[in-house]
Ligand code: SF4
């Protein structure tokens, strides 16, 4: 079958998209929406998988890592969050820099090459806390890569330090920061932020942090929280905003987004956030509604595939198994994802329930999961270079 007749096997809706991909042309907003409206999951998945195979061959990346959450106290009160606490709640906490460094040391002893450190926006922690935290880890584990602080935390730190975003990042880099994770983007849409996370800076500011980091030569990731209160239009616009910033960053030839991480919303039980003080009635209604309505599996896989196809300037798309679940993450490798994150020695952002794994897979299990999809697992360092064992 020649390449032209190859695209003929797609439905009339997807044929034009398949042809654009074959020619290496960029997909536009209408193409994204056509895929969102299409029921042809397998065809969209095949297109995404084809793109991934051309980029990565049959390789799937993972790292040995640990997530560390230094505080769960947060003043932002995003309506989708099941992690944050108020200071008065019995299970709120702040780790000292020494405790964080100890966790990092344990991670290194178990083979970790990177730590992923994020926490709530805690008004009581001064800028020096963050510098000390990085310094302690650096002293305890000089070789360990520190990926830390979402754009939301960076904006909070800039405010606390009275510095520009650039100067704040420079100070953190001097103290040992290696790269930025992609959290806090949610859905980059002003209306969405107003409705669901009105205290959380703005989509434009999130992009500004990442653009500034890229200009400083820092690698970052980007996320999208989907399945919570957003529209298909907002999802496609979110992808296009990221793609636009990535175009600029790639032109700058210094830092860029390395990986896109679609994060499905994992419903929060109405009573799981707190003792009831924290939630407004409206938030509880939202929780109840979405607890029984997790974005369905078809939509989750389609979102991974659409992301891969729209973000033609992103090198990697991650199937983040602590949120997708192990089985679905494995299937997502056949829908355009090429990275399983890592062993994730500890993860507290989603609740453990139904016996589902949310952290702590060993490397052997990850390799087996990858092998079962007919691919080869490659342990990577934070810059996606193979780690030779
Ligand atoms: S999502 Fe992040 S910023 Fe929002 S309440 Fe939770 S911890 Fe705070």
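Here are some notes:
- Flag for residue 205 being within 16 Å of the ligand (Cβ to nearest atom), assigned to a helix (DSSP H, G or I) and surrounded by fewer than 20 Cβ atoms within 10 Å (Cβ to Cβ): yes
- Test: residue 135 is within 25 Å of residue 209 (Cα to Cα), in contact (Cβ under 8 Å) with a residue 40 or more places away in the chain and under 23 Å from the mean Cα position of the chain (by Cα): no
- Once segment 333-369 is narrowed to residues that are modelled with pLDDT of 85 or more and assigned to a loop (DSSP other than H, G, I, E, B), the residue that is farthest from residue 58 (Cα to Cα) is 362.
Each row is one residue, and each column tells you yes or no for (1) more than 9 Å from the ligand (Cβ to nearest atom); (2) touching a strand residue (DSSP E or B) at 6+ places or on another chain (Cβ under 9 Å); (3) under 20 Å from residue 142 (Cα atoms); (4) touching a residue at least 60 places away in the same chain (Cβ under 8 Å).
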| site | (1), (2), (3), (4) |
| --- | --- |
| 72 | no, yes, no, yes |
| 75 | no, no, no, yes |
| 86 | yes, yes, no, yes |
| 93 | yes, yes, no, no |
| 107 | yes, yes, yes, yes |
| 110 | yes, yes, yes, yes |
| 114 | yes, yes, yes, yes |
| 125 | yes, yes, no, no |
| 129 | yes, yes, yes, no |
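- The residues of segment 152-180 that are within 21 Å of the chain's Cα centre (by Cα) and within 16 Å of the ligand (Cβ to nearest atom), listed by number, are 152, 153, 154, 155, 156, 157, 180.
- Of the residues making up segment 181-201, those that are within 13 Å of the ligand (Cβ to nearest atom) and surrounded by fewer than 20 Cβ atoms within 10 Å (Cβ to Cβ) are 198, 199.
- Helices (runs of 4 or more DSSP H) enclosed by segment 1-92 - at least 2 residues per element that are surrounded by 15 or more Cβ atoms within 10 Å (Cβ to Cβ) and at pLDDT 95 or above: 12-23, 29-37, 41-56
Here's the yes/no breakdown for (1) modelled with pLDDT of 95 or more; (2) more than 24 Å from residue 211 (Cα to Cα); (3) within 24 Å of the chain's Cα centre (by Cα):
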{"site": "239", "(1), (2), (3)": "yes, no, yes"}
{"site": "250", "(1), (2), (3)": "yes, no, yes"}
{"site": "253", "(1), (2), (3)": "no, no, yes"}
{"site": "260", "(1), (2), (3)": "yes, no, yes"}
{"site": "266", "(1), (2), (3)": "no, yes, yes"}
{"site": "288", "(1), (2), (3)": "no, yes, no"}
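- Applying the condition of being in a strand (DSSP E or B) and within 16 Å of the ligand (Cβ to nearest atom) to segment 208-227 and asking which residue is nearest to residue 297 (Cα to Cα) yields 226.
The values are calculated or read from the model by the stated rules, or taken from the named source; none is laboratory data. This structure is a prediction, so every number in the text was calculated from the model and none was measured. In this analysis, Cβ positions are derived from the backbone assuming ideal geometry, glycine residues included, and neighbour counts consider all displayed protein chains.
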